[in-house]
Amino acid sequence: MSAPPIIDTHCHLDSQYHPEGCDAALARAKEAGVVGFVAIGVGADLGAARNAIAVASRRDDTWAVVGIHPHDAISGTEATLDALERLARSPRVVAVGEIGLDFHYMHSPKEEQERVFREGIRLAKRLAKPIVIHTREAPGDTLRILEEEGAREVGGVIHCFSEDRPFAVRALDMGFDLSFSGIVTFKSARAVQDVAGWAPSDRILVETDSPYLAPIPLRGKINEPAHVVHTAKRVAELRNISLEDLCLLTTDNARRRFGLKSDPSRAPSTL
Ligand SMILES: [Zn+2]
Ligand SMILES: [Zn+2]
């Protein structure tokens, strides 16, 4: 039989990574069994957000998530946030993100990151859409802001989960699912592997975060949605279940979390 169905819940399909369009990469992914794609559109000028919506509008197996990445928080002026809100209202946009805090690179000052993160949570609540969280070296502040802003009202996903079990417990309690990327295949990622093996079956997702973070055995290469299968294999191993069962449950979780439905007026698809 063919490979089990799987959804890449976080990929970047911007034209800067796919100058000839992303269709060839998505076709390779489909051959590998990937039946759905959640395309993240973030970037200082909202060009990537528009691109993600455009791809999601012409393909019935792709949905968009738009936001202002913490790296670009400095670009989050009132006018940009207004424009983002208009984009985020698109029916093809299934969540607001990725938003959050990144105190590793500090491409934007902390205060700006926090301000734009809060604005993103408020936007998601106004639109009643879930949130996709990016958090790096800021676990306490991320959880505090989610709590203070009442993010549990909409919940969402901690993308590229790279924290530990205590963080996971608090995130799950606030209504955030945990999405595992290629990091879970890295030998050194013990805490992440612990969480991937332990987290409740109905609260886990898999993603590539392509073009970043290629999983083992492809580490160092340019990542693409087809490679989510390697991450799924590792998570299945850690949970002592078959790859097929892992794919079925994470696909189910992704569809429920993001409300993924094919538009019956479009060409038929596998979803
Ligand atoms: Zn991220
Ligand atoms: Zn990302």
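Could you list all residues from region 1-24 that are within 18 Å of the chain's Cα centre (by Cα), under 17 Å from residue 48 (Cα atoms) and outside any loop (DSSP other than H, G, I, E, B)?
9, 10, 11
Go through the residues of region 244-254 one by one and say whether even a single one is open to solvent by 20 Å² or more (accessible area, probe 1.4 Å) and within 16 Å of ligand 2 (Cβ to nearest atom).
no
Confirm whether residue 57 is away from ligand 2 (no atom under 16 Å from the Cβ), open to solvent by 10 Å² or more (accessible area, probe 1.4 Å), more than 30 Å from residue 150 (Cβ to Cβ) and not charged (D, E, K, R).
The answer is yes for residue 57.
Considering each of 187, 125 in turn, give the residue that is of a type in the set (D, E, K, R) and at pLDDT below 95. Lay out the reasoning, then the answer.
Values: 125 fails: at pLDDT below 95.
Matching residue, one of 187, 125: 187.
What is the one condition in (1) touching a strand residue (DSSP E or B) at 6+ places or on another chain (Cβ under 7 Å); (2) surrounded by 17 or more Cβ atoms within 10 Å (Cβ to Cβ) that residue 22 does not satisfy?
It fails just one condition, (1).
Quick check on my filter: what residues within region 169-221 are in contact with a strand residue (DSSP E or B) (Cβ under 6 Å, 6 or more places away or on another chain) and either farther than 26 Å from residue 29 by Cβ or in a loop (DSSP other than H, G, I, E, B) (or both)? Outline the logic, then answer.
Going through region 169-221, the residues in contact with a strand residue (DSSP E or B) (Cβ under 6 Å, 6 or more places away or on another chain) turn out to be 171, 176-180, 196, 199, 203-210.
171, 199, 207, 208, 209 - these are the residues of region 169-221 that are in contact with a strand residue (DSSP E or B) (Cβ under 6 Å, 6 or more places away or on another chain) and either farther than 26 Å from residue 29 by Cβ or in a loop (DSSP other than H, G, I, E, B) (or both).
For region 86-130, enumerate the residues that are within 15 Å of ligand 2 (Cβ to nearest atom) and open to solvent by 60 Å² or more (accessible area, probe 1.4 Å).
104, 105, 107 - these are the residues of region 86-130 that are within 15 Å of ligand 2 (Cβ to nearest atom) and open to solvent by 60 Å² or more (accessible area, probe 1.4 Å).
How do the pairs read when you match residues in region 9-34 that are farther than 23 Å from residue 160 by Cα with residues anywhere that are away from ligand 1 (no atom under 16 Å from the Cβ) and in a loop (DSSP other than H, G, I, E, B), using Cβ under 9 Å and keeping only pairs 6 or more apart or on different chains?
21/15; 23/59; 24/18; 31/3
Being part of a helix (DSSP H, G or I) and open to solvent by 80 Å² or more (accessible area, probe 1.4 Å) is the filter; apply it to region 229-243 and report the residue that is farthest from ligand 1 (Cβ to nearest atom).
For region 229-243, the residue satisfying everything is 237.
Could you list all residues from region 25-52 that are within 16 Å of ligand 2 (Cβ to nearest atom) and in a helix (DSSP H, G or I)? Can you show your working first?
Here is the first cut: in region 25-52, the ones within 16 Å of ligand 2 (Cβ to nearest atom) are 25, 37-44, 46-49, 51-52.
Across region 25-52, the qualifying residues are 25, 47, 48, 49, 51, 52.
Would it be correct to say that residue 170 is more than 23 Å from residue 230 (Cα to Cα) and either aliphatic (A, V, I, L, M) or touching a Gly at 6+ places or on another chain (Cβ under 8 Å) (or both)?
It is false that residue 170 is more than 23 Å from residue 230 (Cα to Cα) and either aliphatic (A, V, I, L, M) or touching a Gly at 6+ places or on another chain (Cβ under 8 Å) (or both).
From the list 102, 61, exactly one residue is away from ligand 1 (no atom under 16 Å from the Cβ) and touching a helix residue (DSSP H, G or I) at 6+ places or on another chain (Cβ under 9 Å). Which is it? Walk me through it before giving the result.
Numbers: 102 fails: away from ligand 1 (no atom under 16 Å from the Cβ).
Result of the check over 102, 61: 61.
Would you tally the residues in region 199-228 being within 12 Å of residue 180 (Cβ to Cβ), open to solvent by 30 Å² or more (accessible area, probe 1.4 Å) and either more than 16 Å from the chain's Cα centre (by Cα) or among the hydrophobic types (A, V, I, L, M, F, W, C) (or both)? Outline the logic, then answer.
Keep residues of region 199-228 that are within 12 Å of residue 180 (Cβ to Cβ), which gives 199, 203-209, 213, 215, 228.
With the extra rule that they be open to solvent by 30 Å² or more (accessible area, probe 1.4 Å), the set shrinks to 203, 213.
Next cut, either more than 16 Å from the chain's Cα centre (by Cα) or among the hydrophobic types (A, V, I, L, M, F, W, C) (or both) only: 213.
Going through region 199-228 one residue at a time, the tally reaches 1.
The values are calculated or read from the model by the stated rules, or taken from the named source; none is laboratory data. Predicted model only: the values in this text are computed from it and were never measured. Note that each Cβ is placed from the backbone with ideal geometry, even for glycine, and that neighbours are counted across all protein chains shown. Only protein heavy atoms, including side chains, enter the accessible area calculation; ligands, DNA and RNA are left aside. Shrake-Rupley method; radii C 1.70, N 1.55, O 1.52, S 1.80 Å.
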